[in-house]
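The values are calculated or read from the model by the stated rules, or taken from the named source; none is laboratory data. All values derive from a computational prediction rather than experimental measurement. Positions of Cβ are generated from backbone atoms using ideal geometry, with glycine treated the same way; all protein chains shown enter the neighbour counts. Please note that ligands, DNA and RNA were not included when accessible areas were found on the heavy atoms of the full protein model with its side chains. Shrake-Rupley method; radii C 1.70, N 1.55, O 1.52, S 1.80 Å.
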Amino acid sequence: MPDLTNPARRIRSVMRKQPIAQAPSCTIWFGEWVVRARIYIIAAAIIASAVAASGIMSLKIVTDYRAFFEKGNPELQAFDLLEDTYEKSDNVLFMIVPDDRNAVSEQALAAALWLTERSWQIPFASRVDSISNFQTISSDGDELVVEDLVNPELISDAAERQEVLNTALADPRLAGNLIARDGGVSAVNVTIKLPDGNNAESIASVADYARRLVIEAKERFSGIDFRLVGTVILNQTYTEATIATMSDVFPASLVIMTLIIGFFTRGFAAVASVGAVVILSAVATMGISGWIGIPLSSATSATPVIVLTLAVANCLHMLVTVQECIGAGDSRENAVMRSIEVNLHPIFLASVTTAIGFLMINFSEVPLYRHLGTLVAIGAIISFLLSVSFLPGLLSLLPIKPRHSGSGRLGIAAISEMTIRHKTALLWGSVLVVVGLSAAIPQNELNDVVTNFFEEGVQLRKDTDFLDENLSGNTVIEYSIAANGTGEITDPVFLEDLATFADWFRAQPETRHVLVISDTFRKLNKSLHDEEPEAYRIPESRDLASQFLLLYELSLPLGHDLNNRIDAARSATRMTVTARTLSTNELLGLDARAKFWLKDNAPSFSKVHSSGPALMFAHIGDRNIRAMLVGTAISFLCIAVLLVFAFRSLRIGLMSLVANFVPGLMAFGLWGMMVGEVGLALSVVLAMTIGIVVDDSVHFLCKYLHARRHLHCDPEDSIRFAFRTVGRALYSTTVILTAGFLVLGLSSFLPTGQMGQLTAIVIVLALICDFLFLPPLIMLIDRKPKARKLANSEPAGTSITDALDSDAS
């Protein structure tokens, strides 16, 4: 007689003696049908996937950062209105960086002159501004003189170059804008008017031409470095990050998944079968994206990697069960049918909950992340269908290596015994850890800095950091300031308020530069008053200011008009504030302080609108957090209802949700301690990971409930049964999911990379919770007396050693 006082022996005994609970007739029929119609199923799956994949040819790449905002976004509308009123602000900025840090050396000025002239040849260039063609203002008697700051014929004259430097650093329109305040770096800014619509080709042509100019300039001017930034370069770098994620990260994921599957299954046929499911799932999902009009973007480029990861996790459950059934002596066909009987229900639940989690991302304020959620939900359903039909059909035909069910159990058995013996300590210890890590969540600061969306090794990130440290700044706020009517911007009161507002901004510690038309009026007044220092002020009358403005505009050369600063009706003007790189909260705080100051200090302003890409991302980040809290709550509720009905138990369903929700809280707390910043991408992680981490608890609780309801075990032995039958599969799938999302974390596009990293943390914590927190919680809540003692088990019936003693069932 076996020693049934030993828990491990007792659970193995009951597994051998108890007949398997009758699977639903539809599940049995489905398994038999899959084996019977396997050739047709395989062919149909390949054909359907190929038809779906053909939509890839229709995929379009989104290259504009405006794609992060829906058309009704108020900040986008304000920015579009500003560009319609004045001029589009898309640009390419060349920085000229002499090794000797002298921006007015003969070589540096020659480079500025050459680059200014060549920049007019950039596609869609509408304006070029630099220190070389900056329009200085002076007077010759009663005549206003407007001319280029740099005379090409005099750059060899040291005195002339010093005069250029003195003039540039004394003019607030130049210093800190097109020349560094220490005179070490200068810039050439090219305004680009891109055609309407999806500008992928236009943006690429501008970026390519600008990059070729940089290469040519470096060859032509020794001792000078050239750096390239601007919104057009930013958009092109988005495109390149999207393509890199598809071309680099996805193949890397395939390689890693192949190695992991090979390690767990030890067979080429198994690896090939899973690989086929993965490839078909990924290409079909991306093809459907093309068919339904969802574009390829920096966000949706992560879709193939996520779908791949989810598909492999589903396949592993089916595959390992087949291997163990074959190892117990079943034929391939019977093993496949048994695997479907055992796994169909939990894999269905896991796939549906995953799809629900990702669909809830549609609550996001960001269209690109809504696209990601929709596509991954589609991919989850496709991978489910393939893993329970196409994969079993393949496995029934291929020579699958067997696995003996007793291998690799010692560690799992030790964990199960530990959770039972120390259930109280583990439960309260887990509660303390959850509370402690959750308390660190407020350490996360909302932060979406557009230029910091790329890792530090990306060239654009290096150049924008250099710009922030050496010239002006990366944070730009645009203000459209309206006077009280047509022609009213020449009202001295309005101009005084405008100058005072600009001076207030210059006094703020965050500010690097302010470009405002009142400085031009001050300079005009000074020049037409014999350059008297005290004349650097706003003209005394409206008529005088109007005359000065007219004279100035008539004197400006082609391409240097004031349409980018003043509207056509002369009723509003544009003020551009450049600040150091600011976090979201710092930027919103600066803008809020400015608007508060305006309430009591600028009575002549009828309307003031602030906008710009930096503000757009700052506002949408805040709204997106609130929207995703709603989405997460609804996801939580939907999954709760589904699990309660699936488990036919309110207590078990709600208990599962607790175990599935706390990993997200712990992960965000841990992230707050390690990183301390969250942005657009991370705000969707909690909603989407609820659906993913439910996978583990669903499989665990299915086996637990089987032991309780059909094997009539007590809670402790049911825990042992669940660990023994599904424990190894849980950490195997966790390894796969974690590896997949960590590979995604290698993306050079930081929002995508950080989303992958945080999701991997959530998945690891979810396994820890399922192993150390969920079992004690179950034993605390589910205290119904067992129906019979294991030692008095009924005589042996149909053996279930191989059907239920499965790592992946």
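Worth pointing out:
- Some residue of region 23-43 being modelled with pLDDT under 80, part of a helix (DSSP H, G or I), open to solvent by less than 60 Å² (accessible area, probe 1.4 Å) and closer than 30 Å to PHE721 by Cβ: yes
- Single residue of region 374-397 satisfying the filter (among the hydroxyl-bearing types (Ser, Thr, Tyr) and under 28 Å from the mean Cα position of the chain (by Cα)) that is surrounded by the most Cβ atoms within 10 Å (Cβ to Cβ): SER383
- Failed item, numbered, when ALA808 is tested on (1) crowded, with 22+ Cβ neighbours inside 10 Å; (2) assigned to a loop (DSSP other than H, G, I, E, B); (3) modelled with pLDDT of 80 or more: (3)
- In the set (1) open to solvent by 10 Å² or more (accessible area, probe 1.4 Å); (2) among the hydroxyl-bearing types (Ser, Thr, Tyr); (3) modelled with pLDDT of 90 or more, the condition left unmet by SER518 is number (1).
- Single residue of region 617-663 satisfying the filter (among the charged types (D, E, K, R) and without any contact (Cβ under 8 Å) to a residue 40 or more places away in the chain) that is least open to solvent (accessible area, probe 1.4 Å): ARG626
- Pairing each residue of region 94-109 that is acidic (Asp, Glu) with any residue that is surrounded by 21 or more Cβ atoms within 10 Å (Cβ to Cβ), provided the two are 6+ apart or on different chains, yields C-beta distances under 6 Å for GLU106/ILE155.
- Residue that is most open to solvent (accessible area, probe 1.4 Å) [pool: residues in region 242-267 that are over 14 Å from VAL278 (Cα atoms) and of a type outside the set (A, V, I, L, M, F, W, C)]: ARG266
- Breaking point among (1) touching a Cys at 6+ places or on another chain (Cβ under 7 Å); (2) within 20 Å of SER247 (Cβ to Cβ); (3) among the hydrophobic types (A, V, I, L, M, F, W, C), for ILE356: (2)
- For region 599-613, the condition holds for at least one residue, the condition being that it is in contact (Cβ under 8 Å) with a residue 24 or more places away in the chain, over 30 Å from ALA125 (Cβ atoms) and part of a helix (DSSP H, G or I).
- Condition check for VAL516: within 19 Å of ASP129 (Cα to Cα) and of a type in the set (Val, Ile, Thr): yes
- Cβ pairs under 7 Å, 6+ apart, first in region 191-202 and closer than 24 Å to HIS560 by Cα and basic (Lys, Arg), second at pLDDT 85 or above and outside any loop (DSSP other than H, G, I, E, B): LYS193/SER126
- Exactly one residue among LEU437, LEU471 is under 16 Å from THR511 (Cα atoms), open to solvent by less than 40 Å² (accessible area, probe 1.4 Å) and not small (Gly, Ala, Ser), and that residue is LEU471.
- Failed criterion for GLY457 (all others in (1) assigned to a loop (DSSP other than H, G, I, E, B); (2) open to solvent by less than 50 Å² (accessible area, probe 1.4 Å) hold): (2)
- Residues within region 563-583 that are outside any strand (DSSP E or B) and either of a type in the set (Asp, Glu) or buried (at least 17 other Cβ atoms within 10 Å of the Cβ) (or both), tallied: 8
- Just one of the listed residues (ALA602, ALA572, ALA618) is within 23 Å of ILE481 (Cβ to Cβ), at pLDDT 90 or above, in contact with a Leu (Cβ under 9 Å, 6 or more places away or on another chain) and of a type in the set (A, V, I, L, M), namely ALA602.
- Residue in region 512-522 that is within 19 Å of THR167 (Cβ to Cβ), among the acidic types (Asp, Glu) and in contact (Cβ under 8 Å) with a residue 60 or more places away in the chain present: yes
- Selection of strands (runs of 3 or more DSSP E) fully inside region 79-158 by the criterion of at least 1 residues being over 40 Å from the mean Cα position of the chain (by Cα) returns 135-140, 143-148.
- Screening region 209-320 for helices (runs of 4 or more DSSP H) wholly inside it with 3 or more residues that are touching a Ser or Thr at 6+ places or on another chain (Cβ under 8 Å) and among the polar types (S, T, N, Q) returns the ranges 231-244, 268-292.
- The set of residues in region 445-454 being open to solvent by less than 30 Å² (accessible area, probe 1.4 Å), not aliphatic (A, V, I, L, M) and not in a helix (DSSP H, G or I) consists of ASN447, ASP448, PHE453, PHE454.
- So VAL277, is it β-branched (Val, Ile, Thr), surrounded by 23 or more Cβ atoms within 10 Å (Cβ to Cβ), closer than 30 Å to VAL514 by Cα and in contact with a helix residue (DSSP H, G or I) (Cβ under 9 Å, 6 or more places away or on another chain): no
- Filter result for the condition that a residue is closer than 26 Å to ASN452 by Cβ and at pLDDT 80 or above, over VAL678, VAL641, VAL630, VAL693: VAL678
- For region 84-101, a residue qualifies if it is surrounded by 17 or more Cβ atoms within 10 Å (Cβ to Cβ) and over 21 Å from VAL188 (Cα atoms), and exactly one does: THR85.
- Total residues in region 453-489, condition touching a Leu at 6+ places or on another chain (Cβ under 6 Å) and polar (S, T, N, Q): 2
- Matching residues in region 495-552 - criterion: being part of a loop (DSSP other than H, G, I, E, B) and of a type outside the set (D, E, K, R): ALA507, GLN508, PRO509, VAL516, LEU528, HIS529, TYR536, ILE538, PRO539, SER541
- Total residues in region 184-209 satisfying the condition of being buried (at least 20 other Cβ atoms within 10 Å of the Cβ) and under 18 Å from GLY473 (Cβ atoms): the figure is 4.
- Residue in region 768-786 that is touching a Cys at 6+ places or on another chain (Cβ under 8 Å) and either surrounded by 22 or more Cβ atoms within 10 Å (Cβ to Cβ) or touching a residue at least 24 places away in the same chain (Cβ under 8 Å) (or both) present: yes
- Cβ-Cβ under 8 Å pairs, at least 6 apart or on other chains, region 469-498 side closer than 30 Å to LEU234 by Cα, far side among the hydroxyl-bearing types (Ser, Thr, Tyr) and assigned to a helix (DSSP H, G or I): ASN474/THR451; ASN474/THR464; SER480/THR85
- Of all the criteria given as (1) surrounded by fewer than 21 Cβ atoms within 10 Å (Cβ to Cβ); (2) of a type in the set (Gly, Ala, Ser); (3) within 19 Å of LEU467 (Cβ to Cβ), the one not satisfied by SER156 is (3).
- The residues of region 713-733 that are open to solvent by 10 Å² or more (accessible area, probe 1.4 Å) and under 37 Å from the mean Cα position of the chain (by Cα), listed by number, are ARG728, TYR731.
- Enumeration of residues in region 305-363 that are among the charged types (D, E, K, R) and surrounded by fewer than 24 Cβ atoms within 10 Å (Cβ to Cβ): ASP330, ARG332, GLU333, GLU341
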